[in-house]
Amino acid sequence: MFFDEEKFSRLREEMVKTQIIARGIKDKKVIEALKKVPRHCFVESESYESAYGDYPLSIGLSQTISQPYIVALMTELLEIKNSDRILEIGTGSGYQTAILAEIASEVFTVEFIDTLSKKSETVLRKMGYKNINFKIGDGYEGWPEFSPFSKIIVTAAPENVPGKLKEQLADNGKMVIPVGVNVFNQCLVKLTRLKERFISEEICGVSFVPMVKK
């Protein structure tokens, strides 16, 4: 189905108004990023009509693009500064990656499934993003060569917060991660590092695909 860009723009505005702002998202940088990034570019053409709906969508390979509100919430919880270097675990469709890249200085994104990583990189490069670095690998290992990261976001759910990701978080850095292998009993957690201490805050219940390892 074909939609012109003007209609997509109206759909984005409506999405942000009814799904994002109405639910309490206040960070102006997050709001502007969601208004700008064309979500329909990250789904298959048969899902264009549903791209701005209030729900996650399948992107194949048993993976999903998260509900717009969850993308906004996780991004806001990171409290991103323009100078931040962010580690993203789970590139997926690349939509969350684009939102991060609109705000942060640099994004390092790791994806376990090589075909997803390559597809997302192609889409994001075509859109002109130059501040995103891609890696195909085990998300539990993070990307130690470029650590520490001021912010870390994980878009798949491990049973517990991986130790190596905690090690790669900078002092005063923040991590947002869903925890729990049962998709019906997961919790979104925000971690703040204070030297060797980690302050944990439970945010809300969520449902993410399990985080896999080699």
Filtering segment 55-103 for residues that are farther than 20 Å from K126 by Cβ and part of a loop (DSSP other than H, G, I, E, B) leaves a count of 13
Residue in segment 121-131 that is aliphatic (A, V, I, L, M), free of Cβ contacts under 8 Å to residues at least 60 places away in the same chain, touching a Phe, Trp or Tyr at 6+ places or on another chain (Cβ under 9 Å) and in a helix (DSSP H, G or I) present: yes
(1) outside any loop (DSSP other than H, G, I, E, B); (2) farther than 25 Å from Y69 by Cβ; (3) free of Cβ contacts under 8 Å to residues at least 12 places away in the same chain all hold for I199 apart from (2)
Exactly one of K174, K214, K135 is of a type in the set (D, E, K, R), modelled with pLDDT under 95 and not in a helix (DSSP H, G or I), and that residue is K214
With criteria (1) surrounded by fewer than 17 Cβ atoms within 10 Å (Cβ to Cβ); (2) farther than 27 Å from C187 by Cβ, G137 comes up short on (2)
When segment 138-152 is checked residue by residue, the ones that are out of contact with any Lys or Arg (no Cβ under 9 Å at 6 or more places or on another chain) and in a strand (DSSP E or B) are none
Within segment 172-202, restricting to residues that are in contact with a Lys or Arg (Cβ under 6 Å, 6 or more places away or on another chain) and more than 17 Å from I89 (Cβ to Cβ), the one that is surrounded by the most Cβ atoms within 10 Å (Cβ to Cβ) is T192
Log entry, pairs with first residue in segment 54-65 being within 26 Å of T18 (Cβ to Cβ), second being surrounded by fewer than 13 Cβ atoms within 10 Å (Cβ to Cβ) and hydrophobic (A, V, I, L, M, F, W, C), beta carbons closer than 8 Å, six or more apart or on different chains, reads none
The residue that is surrounded by the fewest Cβ atoms within 10 Å (Cβ to Cβ), considering only those in segment 1-29 that are over 25 Å from A104 (Cα atoms) and in contact with a helix residue (DSSP H, G or I) (Cβ under 7 Å, 6 or more places away or on another chain), is M1
Reported set for segment 95-108 where residues are under 17 Å from R39 (Cβ atoms) and either touching a Lys or Arg at 6+ places or on another chain (Cβ under 8 Å) or of a type in the set (S, T, Y) (or both) is Y95, T97, E102, I103
For E32, the lone unmet condition from (1) part of a loop (DSSP other than H, G, I, E, B); (2) surrounded by fewer than 20 Cβ atoms within 10 Å (Cβ to Cβ) is (1)
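The values are calculated or read from the model by the stated rules, or taken from the named source; none is laboratory data. Just so you know, these numbers come straight off a predicted model, no measurement behind them. In this analysis, Cβ positions are derived from the backbone assuming ideal geometry, glycine residues included, and neighbour counts consider all displayed protein chains.
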